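Structure, as C-alpha cells:
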Amino acid sequence: MARHGHVGTPVYNMNGHNGRECWENTKFQFGDFTLDATNGHNSYSLGTVLCVITGASRGFGRSLAWELCPRVAPGSSLLLVARTEQALHVLTEELTFQYPEIGVKWVAADLGSADGVRKTVQAAKELNGRGTAQRILIINNAGSLGDITKSFVDFTDPLEVDRYFSFNVSSALCLTSSLLKVFQGCAGLQRLVVNISSLAALQPFKSWTLYCAGKAARDMMFKVLAEEQKDVCVLNYAPGPMNNAMQDQVQSHTADSEVRHHFTEMKKSGELLDCHVSAKKMIDILKKNTFKSGQHVDFFDYV
C-alpha cells in the first residue's frame, strides 16, 4: 500500500504499490524442493501439510482455515487454536463436512499461558502421528489491539502492559519455538512459519501504543528466526485493512479522532478488504515463494 509522506494517519492506495524500497527477491528452497512443487497433486498448491492456525475461531484466522483446505492435499491436517471453544467446534464441523479428506481438529487454549502452549503442541504432535505430512505450516494469527482508548502517557500499570505482551508476543515466540523443536530433524518435513503482521509494525498509529509495539516486536522476532534457522521459511504477512470485528473496535474505541475517522471513512467507501481475499493472497505468496525468508510482505505489495 502506498504511503505518501509522514502523516498522523496512513494513506491507503488500493491500486498502488508500496512506497517502501523493494526487497531483493530471493527464492527460498529446501534442497530440491520449492513451494511451487506439487509432488503429484497438481491441484493442491501446498501438498500434504500439518497446519496450526492460532486465533482461528473468527475473522482472518477463520478465513485462512477455509481458504487452506482446498489448497492442501488429501491427508493433510489442520489444527485450529483459539480461546472460544464453541466457535472452534462449529468451524471444525463445517470444514469436516465440506472437506472430509482433511483431518481438522481444534484445541481451546489460552496461549498467554504455559498450559495453553503445552496443550497446543501436544495436539499438533498427535495430529502428525502417522508422519504423512510433507511440511508443517505454523500461522501465528492470534492477537489483540490492546486498550486503544488510551494514549502513550496513560499506560502506567506494568501489569497491564505485561499481560498484553504475554499474549501478543511471548505466546507466539514460545509456541513457535516449541513446535519447531518437536518437528526438528524429521526426515522430509519442511518447516514454514507465518507471522500475521500489520502496517502498524512499520508505522505509528496514535492511540495504538501496545498494538504497534507488539506488531513491531513480532516482526523483528521472526526476522531473527529467519536469520538463525536457514532451513525454516519465515513470512511476516500484513493482511491489510480488513472488514472484521477488530476493525469495528478500531472505529468505535480508538481515542485519536483522526485515526478513528480515517478508518470509518474507509469502511463507508468500501475500501476495507474481505478477510477471504487477503487469506487467498497470503496463500498465493507462499505458493509463489518469491519472498526472502523473514521479509515483511503487505497485501498490496507485488511479490
Filter the range 166-180 for residues that are within 16 Å of the chain's Cα centre (by Cα) and more than 11 Å from Ala114 (Cβ to Cβ) and give the result. Phe167, Asn168, Val169, Ala172, Leu173, Thr176, Ser177, Leu179
Consider Ala245 against the criteria (1) surrounded by fewer than 17 Cβ atoms within 10 Å (Cβ to Cβ); (2) small (Gly, Ala, Ser); (3) touching a residue at least 40 places away in the same chain (Cβ under 8 Å); (4) within 22 Å of Cys51 (Cβ to Cβ): it satisfies all of them except one. Which criterion is unmet? (4)
Check on Thr26, more than 17 Å from the chain's Cα centre (by Cα), loosely packed, with under 14 Cβ neighbours inside 10 Å and at pLDDT below 95: yes
For the range 248-277: of the residues being over 19 Å from the mean Cα position of the chain (by Cα) and of a type in the set (Asp, Glu), which is least open to solvent (accessible area, probe 1.4 Å)? Asp256
Can you name the number of the only condition in (1) surrounded by fewer than 19 Cβ atoms within 10 Å (Cβ to Cβ); (2) under 17 Å from Phe291 (Cβ atoms) that Phe165 fails? (2)
Going by the structure shown, is Glu126 among the acidic types (Asp, Glu), under 20 Å from Val193 (Cα atoms) and under 18 Å from the mean Cα position of the chain (by Cα)? no
Scanning the range 278-303 residue by residue, those modelled with pLDDT of 95 or more and open to solvent by 70 Å² or more (accessible area, probe 1.4 Å) turn out to be Lys280, Lys292
Filter the range 203-231 for residues that are of a type outside the set (Gly, Ala, Ser) and either surrounded by 22 or more Cβ atoms within 10 Å (Cβ to Cβ) or over 20 Å from Ile139 (Cα atoms) (or both) and give the result. Gln203, Pro204, Phe205, Lys206, Trp208, Thr209, Leu210, Tyr211, Lys215, Arg218, Phe222
Pairs with Cβ under 7 Å, 6+ apart, first in the range 188-203 and closer than 15 Å to Ser144 by Cα and part of a helix (DSSP H, G or I), second open to solvent by 10 Å² or more (accessible area, probe 1.4 Å) and among the hydrophobic types (A, V, I, L, M, F, W, C): Ala200/Trp208; Ala200/Cys212; Ala201/Ala216
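The values are calculated or read from the model by the stated rules, or taken from the named source; none is laboratory data. Fair warning: this is a prediction, and the values are worked out from it, not measured in the lab. Heads up, the Cβs are rebuilt from the backbone with ideal geometry, glycines too, and the neighbour counts pull from every protein chain shown. Heavy atoms of the whole protein, side chains included, go into the accessibility calculation; ligands, DNA and RNA do not. Shrake-Rupley method; radii C 1.70, N 1.55, O 1.52, S 1.80 Å.
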